[in-house]
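Undergrad: Have a look at this one before I ask anything.
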Amino acid sequence: MEFGVSAFITDEGIGPAALGRALEERGFTSLFVAEHTHIPVKRESPWPGGAEMPRWYYRTFDPFVALTAVAAATERLRVGTGIALVIQRDPIILAKEVASLDRVSNGRAVLGVGAGWNREEMRNHGTDPRTRMALLRERVLAVKELWTKDEAAFHGEFVNFDPVFCYPKPVQDPHPPILVGGSGPTVFDRVIEYGDGWMPIYGRIPGDTAEQIARLRERAGRRVPVLMFGVPPKPQVIEELREAGVDEILFGIPTEPKDATLARLDKIAELISS
């Protein structure tokens, strides 16, 4: 089992380069950063995490700017989105951003994808919440075409372009891993069709985690990698997820200043080393 961190990088917490160096120095394998372009002041969409949404949701850096800073400050740390809101992003630009990050990091980029929960936010981007899953599918498939074809084209209901040149291509072959977030009733369909792994949030999987992971792998006919997002640093939780077949734990850390973050990382590193 490997251990990484999931975080919201904002202007009120530790900077991305400092966080990346601290994680690599302590032996963590990855950093996954969240994305929200903004949060509408007036919204009806409830925050899935509870009653009051933390302020770091509307103060996040652009994930690819932050991860580029992390990549430049590290040598081994994998850098990923957890998750990129693909339904709010142009697929041609997204393909170029991730491929560029993969080049800058020398093959350490990971694209975690999802459709999001904040309907007001996605509407501000011109996305209809009712068709967001179909939109997510087409944009991810289009990105894969842009990464892997010299002359890439895509013709769908939501994404449509004739053959184009789009460079750079990623370092990783055939492309950076695509991890599908979520735990809804159709998430396994998305993982199997266009994902390289599953990245659910800890505590939000319906039913028994081990049974769900086994069911996914049986349906896929392969050992689908599973990264568990937002895990609390508790020994019993780590053991529970190890027994369930999770490949990598992403410990969720709050947005805090540098000294508080380093102290927190020291405690988590001590926990996993024991």
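What follows is calculated from the coordinates using simple rules that are stated; it is not laboratory data. Since the model is a prediction, treat every value here as computed from it, not as a measurement. Please note: Cβ atoms are built from the backbone with ideal geometry, for glycine as well, and neighbour counts cover all protein chains shown.
Undergrad: FRET efficiency for LYS149 and ARG204, Cβ-Cβ distance as r, R0 = 30 Å, nearest 0.05? Mind dumping the intermediate values first?
TA: Working: r = 36 Å, r/R0 = 1.19.
Efficiency, from the Cβ-Cβ distance: 0.25.
Undergrad: Could I ask something else about it? Going by how many other beta carbons lie within 10 Å of each one, how would you line up MET133, MET228, fewest first?
TA: Working: MET133 16, MET228 28.
Taking fewest neighbouring Cβ atoms as first place, the list is MET133, MET228.
Undergrad: So what is the relative contact order of the chain, in percent, for Cα pairs below 8 Å that sit 6 or more residues apart? Walk me through the numbers on the way to the answer.
TA: Numbers: 514 pairs, mean separation 60.3, N = 274.
That works out to 22 percent.
Undergrad: How large is ³J(HN,Hα) for each residue in the stretch 167-177, as worked out from phi by the Karplus curve 6.51 cos²θ - 1.76 cosθ + 1.60 (θ = phi - 60°), to whole Hz, x for Gly and Pro?
TA: Result, ordered by residue: 10, x, 8, x, 6, 5, 10, x, 5, x, x Hz.
Undergrad: Quick one: Karplus J couplings for the stretch 258-274, per residue in order, coefficients 6.51, -1.76, 1.60, θ = phi - 60°, nearest Hz, x for Gly and Pro?
TA: Karplus-based 3J(HN,Hα) across the stretch 258-274 equals 4, 4, 5, 5, 4, 5, 5, 5, 4, 5, 5, 4, 5, 5, 6, 6, 8 Hz.
Undergrad: Return the ratio Rg/(2.2 N^0.38 Å) for the stretch 115-247, where Rg is computed over Cα atoms only. If you can, show how the numbers build up before the last one.
TA: On the way: Rg = 17.0 Å, N = 133, 2.2 N^0.38 = 14.1 Å.
The value comes to 1.21.
Undergrad: Given the options ALA34, ALA66, ALA260, which has the most mean-square fluctuation in a GNM of the chain, springs set between C-alpha atoms less than 10 angstrom apart?
TA: Highest fluctuation of the listed residues: ALA260.
Undergrad: Something else about it: Find out how many positive minus negative residues lie around LEU85, taking Lys and Arg as positive, Asp and Glu as negative, among other residues whose Cβ is under 11 Å from that of LEU85.
TA: Numbers: positive: ARG89, ARG132, ARG139; negative: GLU35, GLU121.
Around LEU85, the charge tally is +1.
Undergrad: Show the residues, 5+ positions off or on another chain, whose built amide H is closer than 5 Å to the amide H of GLY182.
TA: Those lying under 5 Å, H to H, from GLY182 are MET199, ILE201.
Undergrad: Report the antiparallel proportion of the DSSP beta bridges in the stretch 141-274 as a percent, rounded to a multiple of 5. All intermediate terms of the calculation are to be shown ahead of the outcome.
TA: Numbers: 3 of 11 bridges.
Of all bridge pairs located within the stretch 141-274, approximately 25 percent are antiparallel.
Undergrad: Okay, next question. Roughly how big is the stretch 55-140's charge dipole about its Cα centre, with Cβ charges of +1 (Lys, Arg) and -1 (Asp, Glu), in debye to the nearest 20?
TA: Working: 14 positive and 9 negative charges, 35 e Å.
It comes to approximately 160 debye.
Undergrad: Sticking with this structure for a sec: Which GluC sites (Glu not before Pro) from the stretch 69-171 combine a DSSP loop assignment with at most 16 other Cβ atoms within 10 Å?
TA: On the way: sites: GLU75, GLU97, GLU120, GLU121, GLU138, GLU145, GLU151, GLU157; in loops: GLU75, GLU151, GLU157.
Qualifying residues, ordered by number: GLU75, GLU151, GLU157.
Undergrad: Can you give the charge dipole size of the chain about its Cα centre, rounded to the nearest 20 debye, using +1 on the beta carbon of Lys and Arg and -1 on the beta carbon of Asp and Glu? Can you show the working numbers first?
TA: Working: 33 positive and 38 negative charges, 40 e Å.
Once rounded to the nearest 20, the dipole reads 200 debye.
Undergrad: Report the Cα centroid-to-centroid distance between the stretch 35-101 and the stretch 181-224 in angstrom, as an integer.
TA: Computed from Cα coordinates, the inter-centre distance equals 22 Å.
Undergrad: Among DSSP beta bridges lying fully in the stretch 2-273, give the percent that are antiparallel, nearest 5.
TA: Values: 4 of 32 bridges.
Just about 10 percent of them are antiparallel.
Undergrad: Show that you can apply the helix-only estimate: for the chain, add -39,500 (n - 2.57) for every DSSP H stretch of four or more residues, divide by all residues, and state [θ] at 222 nm to the nearest 500.
TA: Details: 9 runs with 104 residues, N = 274.
Only helices count here, giving -11500 deg cm²/dmol.
Undergrad: Which of the aspartates and glutamates could be linked to LYS144 by a straight reach, that is with a Cα gap under 20 Å, when you skip same-chain ones fewer than 8 residues away?
TA: ASP90, GLU97, ASP102, GLU157, ASP162, ASP173, ASP189, GLU193, ASP196
Undergrad: Okay, moving on. Sort GLU256, GLU44 so that the residue with the fewest other Cβ atoms within 10 Å of its own Cβ comes first and the one with the most comes last. Don't skip to the end; give the middle numbers.
TA: Details: GLU256 16, GLU44 8.
In order of increasing Cβ crowding within 10 Å: GLU44, GLU256.
Undergrad: May I pose another question? Among SER105, SER183, SER274, rank each residue by its count of other Cβ atoms within 10 Å, from fewest to most, as a rough exposure measure.
TA: Details: SER105 24, SER183 17, SER274 6.
By the 10 Å Cβ count, ascending: SER274, SER183, SER105.
Undergrad: Another question, if that's okay. So, counting K/R as plus one and D/E as minus one, what does the shell of residues with Cβ under 15 Å around THR68 add up to? Write out the running numbers ahead of the final one.
TA: Values: positive: ARG21, ARG78, LYS96, ARG103, ARG108; negative: GLU35, ASP62, GLU75, GLU97, ASP102.
It works out to a net charge of 0.
Undergrad: Another one. On a full-extension model of 0.36 nm per residue, what is the gain between ARG215 and MET133, subtracting their alpha-carbon distance, rounded to one decimal in nm? Intermediate values should be presented prior to the final figure.
TA: Details: separation 82, 0.36 × 82 = 29.52 nm, distance 2.17 nm.
Contour length minus the Cα-Cα distance gives 27.3 nm.
Undergrad: How large is the charge dipole for the stretch 118-274, taken about the Cα centre, if only the Cβ atoms of Lys, Arg (+1) and Asp, Glu (-1) carry charge, to the nearest 20 debye? Display every interim value, and only then the final one.
TA: Numbers: 21 positive and 25 negative charges, 45 e Å.
Roughly 220 debye, rounded to the nearest 20.
Undergrad: For the residue pair ASN124 and HIS38, what label-to-label distance in nm results when each label sits 7 Å from Cα along the Cα-to-beta-carbon direction?
TA: 0.4 nm
Undergrad: Taking the Cβ of TYR194 as the centre, find all other residues whose Cβ is under 12 Å away and add up their charges (Lys, Arg: +1; Asp, Glu: -1). The partial results should precede the final answer.
TA: Working: positive: ARG137, ARG139, LYS144, ARG190; negative: GLU138, GLU145, ASP189, GLU193, ASP196.
After counting each charged neighbour, the total is -1.
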